[in-house]
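**Student:** Okay, here's the structure, questions in a sec.
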Amino acid sequence: MQIRVGFEMSYVCPQPTPMILALSIHYSRAADLVQPDHVTTQPAVPITAYRDLFGNWCNRLLAPQGDFNIRANALVNDTGMADAVVPQLVQTPVEMLPAATLVYLLGSRYCETDLLSPVAWQRFGDVPDGWQRVQAICNFVHEHIEFGYQHARRTRSAWEVFDERRGVCRDFAHLAITLCRCMNIPARYCTGYLGDIGVAPAPEPMDFAAWFEAYLGDRWHTFDARNNTPRIGRVLIARGRDACDVALASTFGPNTLRSFKVWSEEVAPA
């Protein structure tokens, strides 16, 4: 199957404003790109690219004073298969984990493992380790949090999500990631496109999605505490410790985001 993905963001800047964008499709999907997701701007400005510490593709630019639009549009080949479910996977002991996974055991900006560790061990300490434990965490988070775009708050941490019991997809991911880390399971934050493919269309406008990956056995596996069911058509943009590492747009000056549009939909192959 093929998926058309993209976004359009419109800013108003009262002065020239540097920006860092983490909006390019992840390099692991490069071979799937039928039409690359080149970032374009109006008015046109020079754009430079670099890899961040987590391997994500990022763009740097200087937005001019006044109206400024950023856009990308891509066509992606996809297997059409839903997220894999491997319930027999076991947890890798900390002393045997690859060194590259260890950072995803630690607390981070939005994931306060020190505050949530007692909660995690009380609730999940008796659950069999491995896939069953991660799924139990997803089940809990899915039922514990009320989803709603009106609940969005960019400063909300995992502890606050647990306490307030409401949020958006990034909040579901942050709480699940934190609880996994508390149980000695490496977990990392993911952002990307996830359209309504294979499910009933949502009435709300399309947005970027957040989910997470847990390290089980000898590799990373996808989990989604917000939807809590295998989904079709995820297109990864970036991974990091939490949303702080993969902010879609970081701006270094005053600005107003005037409009924001995201699309992700299946299309018939040419």
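Bear in mind these aren't lab numbers, they're just calculated from the coordinates by the rules spelled out. Everything numeric in this text was worked out from a predicted model, so none of it was measured. Cβ coordinates were reconstructed from backbone atoms using ideal geometry, including for glycine residues, and neighbour counts include every protein chain displayed.
**Student:** If I filter region 27-50 down to residues being in contact (Cβ under 8 Å) with a residue 12 or more places away in the chain and in a strand (DSSP E or B), which single residue comes out as nearest to residue 245 (Cα to Cα)?
**Tutor:** Residue satisfying both the conditions and the ranking: 49.
**Student:** Can you tell me which residues in region 75-128 are among the hydrophobic types (A, V, I, L, M, F, W, C) and either assigned to a strand (DSSP E or B) or touching an Asp or Glu at 6+ places or on another chain (Cβ under 7 Å) (or both)?
**Tutor:** Those that are among the hydrophobic types (A, V, I, L, M, F, W, C) and either assigned to a strand (DSSP E or B) or touching an Asp or Glu at 6+ places or on another chain (Cβ under 7 Å) (or both): 75, 76, 82, 90, 111.
**Student:** Taking the criterion of being over 18 Å from the mean Cα position of the chain (by Cα), aromatic (Phe, Trp, Tyr) and more than 30 Å from residue 77 (Cα to Cα), would at least one residue in region 162-177 satisfy it?
**Tutor:** yes
**Student:** Would you be able to tell me the number of residues in region 19-55 that are closer than 26 Å to residue 267 by Cβ and not hydroxyl-bearing (Ser, Thr, Tyr)?
**Tutor:** Counting residues in region 19-55 that are closer than 26 Å to residue 267 by Cβ and not hydroxyl-bearing (Ser, Thr, Tyr) gives 17.
**Student:** When both residues are 6+ apart or on different chains and their Cβ atoms are under 6 Å apart, which pairs have a first residue that lies in region 68-87 and is over 23 Å from residue 136 (Cα atoms), and a second that is of a type in the set (A, V, I, L, M) and not in a strand (DSSP E or B)?
**Tutor:** These pairs meet every condition: 72/39; 78/1; 80/1.
**Student:** For region 199-270, which fully contained strands (runs of 3 or more DSSP E) count at least 2 residues that are under 18 Å from the mean Cα position of the chain (by Cα) and within 21 Å of residue 110 (Cβ to Cβ)?
**Tutor:** Answer list for region 199-270: 209-216, 219-223, 234-240, 249-251.
**Student:** Any chance you could count how many residues in region 156-188 are in a helix (DSSP H, G or I) and in contact (Cβ under 8 Å) with a residue 40 or more places away in the chain?
**Tutor:** Total satisfying the criteria: 16.
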